[in-house]
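J.: Dumping the structure here so I can ask a few things about it.
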Amino acid sequence: MIEVLVTAAVVVVFAAVLYVLAAARVVKQYERGVVFRLGRLLPEVRRPGLTLVVPIVDRLHKVSLQIVTLPIPAQEGITRDNVTVRVDAVVYFKVVNPSDALVRVEDYHFAVSQMAQTSLRSIIGKSELDDLLSNREKLNQGLELMIDNPAVEWGVTIDRVEIKDVSLPETMKRSMARQAEADRERRARVINADAELQASKKLAGAAKVMSEQPAALQLRLLQTVVAVAAEKNSTLVLPFPVELLRFLERAAPLPGAQVAGASPASSGQGATAATPATAGEETDPEALAAQARELAGEFPPGASGDVVRQLLEGLGEKGVPGLVGERAVSEAEPESPEILAEAEGEEPADTGEADDAGTGEPPGEGGAARG
């Protein structure tokens with residue numbers, strides 16, 4: 001009798017151990033357990049830890065409450081401004097109601113994925129290209145709202161949605177590059193024009209100051225020459241007033257005037273007029289100053305003309321040799337062939353013809369008289 005009782009107790013204990021092993025379930029911290037008893041949902045959600053279910057009768061389904069990262073495949077679409085783009089995104093969601101996630105939708109992962117793709121294509125068609133490229137925060141919020149509305153009924157909430165990349169056609173990339181380049185060039189031209197305007201105002205003020213003192217322009221020119229001459233690897237072209245060159249040509253004594261001074265008989269009146277200047281005799285300073293002022297009056301008004309006139313008047317007051325004599329020679333016989341020939345260093349072709357020209361007799365009669 002005792003042996004039977006012991007055997008029965010061992011069997012009961014063994015059956016209890018088997019029951020516990022069959023009914024025990026472990027729910028992790030990030031999971032929740034949903035029990036279906038004979039196909040019906042029990043209202044109680046099993047918490048994390050050890051829990052027991054009725055073997056064969058109950059079925060325990062574990063649902064994770066962790067945030068799920070779901071990449072959305074790249075979707076091609078046409079924006080509102082008729083540009084074909086390819087956009088891909090990522091969705092972060094989690095389950096907040098395990099019972100609804102199991103009962104209301106067959107597979108909430110697949111359902112959220114399809115809803116995200118559809119919403120992404122819809123948001124592409126409602127947006128412009130500039131919004132996709134520069135205003136992504138607003139599009140992310142709109143996309144999150146579009147996905148979250150139906151997902152709430154499934155016991156799922158959308159944590160956030162991010163657009164990862166926007167792929168454009170190569171032609172559109174080149175067009176955008178040209179547009180950006182044109183915009184930068186426009187801004188550069190505006191800045192350059194503004195700088196030119198400011199510089200022109202400064203130059204106008206400087207020109208106004210220099211107009212009061214004509215010598216300031218020459219000083220500025222010399223400063224520029226000094227600045228350029230510091231670089232020895234360049235050729236310097238120095239502008240020079242043409243009026244001053246003409247004055248120096250008139251002031252320089254001609255070789256013909258010296259020859260005429262040595263041979264007064266062969267040059268006539270021109271040689272006689274040039275003799276006081278070329279022979280070293282003293283020249284009247286007042287006449288030279290008057291001559292310089294007369295030459296200075298021929299130059300046009302302006303900055304360079306004023307400078308040349310001042311220079312000519314100064315040279316005339318100092319008494320430049322040959323100024324009056326050269327002008328007298330040029331005014332006396334500007335086209336005399338003998339003087340031109342002597343100035344060039346050549347001898348007259350026929351002495352008799354020169355004598356005839358000096359005496360005023362015909363060439364034939366003079367020749368006959370000498371004969």
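The values are calculated or read from the model by the stated rules, or taken from the named source; none is laboratory data. On a predicted model such as this, the values are computed, not experimentally measured, just so you know. For neighbour counting, all protein chains shown are included, and Cβ atoms are generated from backbone atoms with ideal geometry for every residue, glycine included. Please note that ligands, DNA and RNA were not included when accessible areas were found on the heavy atoms of the full protein model with its side chains. Shrake-Rupley method; radii C 1.70, N 1.55, O 1.52, S 1.80 Å.
J.: Could you look through segment 30-53, keep only residues that are of a type in the set (A, V, I, L, M) and free of Cβ contacts under 8 Å to residues at least 24 places away in the same chain, and pick out the one that is farthest from ALA101 (Cα to Cα)? Give the steps one after another, and end with the answer.
T.: The first filter runs over segment 30-53 and keeps only residues of a type in the set (A, V, I, L, M), leaving 34-35, 38, 41-42, 45, 50, 52-53.
The next check asks that each one be free of Cβ contacts under 8 Å to residues at least 24 places away in the same chain; those that pass are 38, 42.
Working: LEU38: 19, LEU42: 14 Å.
Filtering segment 30-53 for residues that are of a type in the set (A, V, I, L, M) and free of Cβ contacts under 8 Å to residues at least 24 places away in the same chain, the one farthest from ALA101 (Cα to Cα) comes out as LEU38.
J.: Yes or no: segment 106-122 includes at least one residue that is open to solvent by 90 Å² or more (accessible area, probe 1.4 Å), modelled with pLDDT of 90 or more and in contact with a strand residue (DSSP E or B) (Cβ under 7 Å, 6 or more places away or on another chain).
T.: Yes, that holds for at least one residue.
J.: Which number in (1) at pLDDT 90 or above; (2) more than 60 Å from the chain's Cα centre (by Cα); (3) open to solvent by 90 Å² or more (accessible area, probe 1.4 Å) marks the one condition that PRO48 misses?
T.: Single failed check for PRO48: (3).
J.: Give the residues of segment 97-129 that are free of Cβ contacts under 8 Å to residues at least 24 places away in the same chain and not hydroxyl-bearing (Ser, Thr, Tyr), sorted by residue number.
T.: The answer is GLU106, ASP107, PHE110, GLN114, ILE123.
J.: Still on this structure: For GLU128, are the conditions met, namely being out of contact with any Phe, Trp or Tyr (no Cβ under 7 Å at 6 or more places or on another chain), over 25 Å from ASN97 (Cβ atoms), at pLDDT below 90 and open to solvent by 40 Å² or more (accessible area, probe 1.4 Å)?
T.: Criteria met by GLU128.
J.: Moving to a separate point now. Taking the stated definitions as given, is VAL68 closer than 30 Å to LEU52 by Cβ and of a type in the set (A, V, I, L, M, F, W, C)?
T.: yes
J.: Next up: In segment 134-146, which residues are open to solvent by 30 Å² or more (accessible area, probe 1.4 Å), touching a strand residue (DSSP E or B) at 6+ places or on another chain (Cβ under 6 Å) and not basic (Lys, Arg)?
T.: GLU144
J.: Pick from VAL26, VAL13: which is open to solvent by 70 Å² or more (accessible area, probe 1.4 Å) and outside any strand (DSSP E or B)? Please lay out each step first, then the result.
T.: Working: VAL26 fails: outside any strand (DSSP E or B).
After applying the criteria, what remains is VAL13.
J.: Here is a check on your reading of the model: is TYR19 out of contact with any Leu (no Cβ under 6 Å at 6 or more places or on another chain), under 30 Å from ARG136 (Cα atoms) and either part of a helix (DSSP H, G or I) or of a type outside the set (D, E, K, R) (or both)?
T.: No, not satisfied.
J.: Checking ASP88 against (1) surrounded by 10 or more Cβ atoms within 10 Å (Cβ to Cβ); (2) more than 60 Å from the chain's Cα centre (by Cα); (3) not β-branched (Val, Ile, Thr), which test does it fail?
T.: (2)
J.: Can PHE36 be described as of a type in the set (Phe, Trp, Tyr) and open to solvent by 80 Å² or more (accessible area, probe 1.4 Å)? Before you say what the answer is, go through the steps one by one.
T.: On the way: of a type in the set (Phe, Trp, Tyr): yes; open to solvent by 80 Å² or more (accessible area, probe 1.4 Å): no.
Taking the combined requirement at face value, the residue does not satisfy it.
J.: Then there's this: For segment 168-280, which helices (runs of 4 or more DSSP H) that fit wholly inside it have 2 or more residues that are at pLDDT below 70 and closer than 30 Å to THR84 by Cβ?
T.: The helices (runs of 4 or more DSSP H) meeting that bar number zero.
J.: Still on this model: Does ALA180 meet the test of being over 29 Å from GLN114 (Cα atoms) and surrounded by 10 or more Cβ atoms within 10 Å (Cβ to Cβ)?
T.: Answer is yes for this residue.
J.: Exactly one condition in (1) buried (at least 16 other Cβ atoms within 10 Å of the Cβ); (2) of a type in the set (A, V, I, L, M, F, W, C); (3) at pLDDT below 90 is not met by VAL54; state its number.
T.: Single failed check for VAL54: (1).
J.: Check VAL83 against each of (1) open to solvent by less than 60 Å² (accessible area, probe 1.4 Å); (2) modelled with pLDDT of 90 or more; (3) under 30 Å from LEU168 (Cα atoms) and name the one condition it does not meet.
T.: Against the list (1) open to solvent by less than 60 Å² (accessible area, probe 1.4 Å); (2) modelled with pLDDT of 90 or more; (3) under 30 Å from LEU168 (Cα atoms), VAL83 comes up short only on (2).
J.: Which of the numbered conditions does SER122 fail, given that it passes all the others? Conditions: (1) under 20 Å from ARG80 (Cα atoms); (2) not in a helix (DSSP H, G or I).
T.: Evaluating SER122 over (1) under 20 Å from ARG80 (Cα atoms); (2) not in a helix (DSSP H, G or I) leaves (2) as the failure.
J.: Kindly indicate which of ALA101, ALA151 is more than 30 Å from ALA24 (Cα to Cα), surrounded by 13 or more Cβ atoms within 10 Å (Cβ to Cβ) and over 49 Å from the mean Cα position of the chain (by Cα).
T.: Being more than 30 Å from ALA24 (Cα to Cα), surrounded by 13 or more Cβ atoms within 10 Å (Cβ to Cβ) and over 49 Å from the mean Cα position of the chain (by Cα) holds for just one of ALA101, ALA151, which is ALA151.
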